[in-house]
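Working notes, structure below.
The values are calculated or read from the model by the stated rules, or taken from the named source; none is laboratory data. Here the structure is a predicted model, which is why all the values come from computation and not from measurement. Virtual Cβ from ideal backbone geometry, glycine too; neighbours counted across all protein chains shown.
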Amino acid sequence: MTETSIQRASPTGMELLVNRAELINRLATEVHAANANWWINLQTGEPLQRNMGELLMLCVSELSEAMEGHRKNLMDDHLPHRKMVEVELADAVIRIFDLAAGFGLDLGGAFDEKMKYNAVRKDHTLEARRQENGKKY
């Protein structure tokens, strides 16, 4: 198994290796297809060119809702058996996946590359973080 693969069990009991970047991009495509109505002009029925800044801020709004749910230890209104923080984080992921697929971004590839980069960053080491001006969070 490589660091860019995910190992999981199949219904037959055989282990499957799934390329992580492909999986992320497939999930993004699936989410985008499920959200297709948000990419249609309501008046004309034609495809809508979405505003990147607006979509990014909608991601931020989901994260703000997650923070509020965590801060107040709330359960979710729509899925009352779940904590609000986890549902709002799921909403943020859904919005990020939709945006990425809608704009044709290779989110999976960027994810893999960023994970590799972060693994060797000097400023992410405990030693660097413990320094006076190190990253505390």
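Matching residues to (1) aliphatic (A, V, I, L, M); (2) without any contact (Cβ under 8 Å) to a residue 60 or more places away in the chain:
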position	(1), (2)
M75	yes, yes
R82	no, yes
V85	yes, yes
D98	no, no
G104	no, yes
G109	no, no
K114	no, yes
R121	no, yes
T125	no, yes
Task: Unique residue being surrounded by 11 or more Cβ atoms within 10 Å (Cβ to Cβ), within 30 Å of K135 (Cβ to Cβ), at pLDDT below 95 and not aliphatic (A, V, I, L, M) when the list is R20, R95 - done: R20
Open item on the list: Could you tell me how many of the residues in the stretch 47-83 are closer than 30 Å to G104 by Cα and not β-branched (V, I, T)?
Closed with: 20
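Considering only residues of the stretch 69-87 that are in a helix (DSSP H, G or I) and out of contact with any Gly (no Cβ under 6 Å at 6 or more places or on another chain), which is surrounded by the fewest Cβ atoms within 10 Å (Cβ to Cβ)?
Narrowing the stretch 69-87 to residues in a helix (DSSP H, G or I): 69-71, 84-87.
With out of contact with any Gly (no Cβ under 6 Å at 6 or more places or on another chain) added as a condition, the list becomes 69-71, 86-87.
Details: G69: 21, H70: 15, R71: 10, E86: 14, V87: 21.
Looking at residues that are in a helix (DSSP H, G or I) and out of contact with any Gly (no Cβ under 6 Å at 6 or more places or on another chain), I get R71.
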Open item on the list: Here is a check on your reading of the model: is S10 at pLDDT 95 or above and hydroxyl-bearing (S, T, Y)?
Closed with: no
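Return yes when E132 is without any contact (Cβ under 8 Å) to a residue 60 or more places away in the chain, part of a helix (DSSP H, G or I) and not β-branched (V, I, T) and no when it is not. Break it down stepwise before answering.
Working: without any contact (Cβ under 8 Å) to a residue 60 or more places away in the chain: yes; part of a helix (DSSP H, G or I): no; not β-branched (V, I, T): yes.
Answer is no for this residue.
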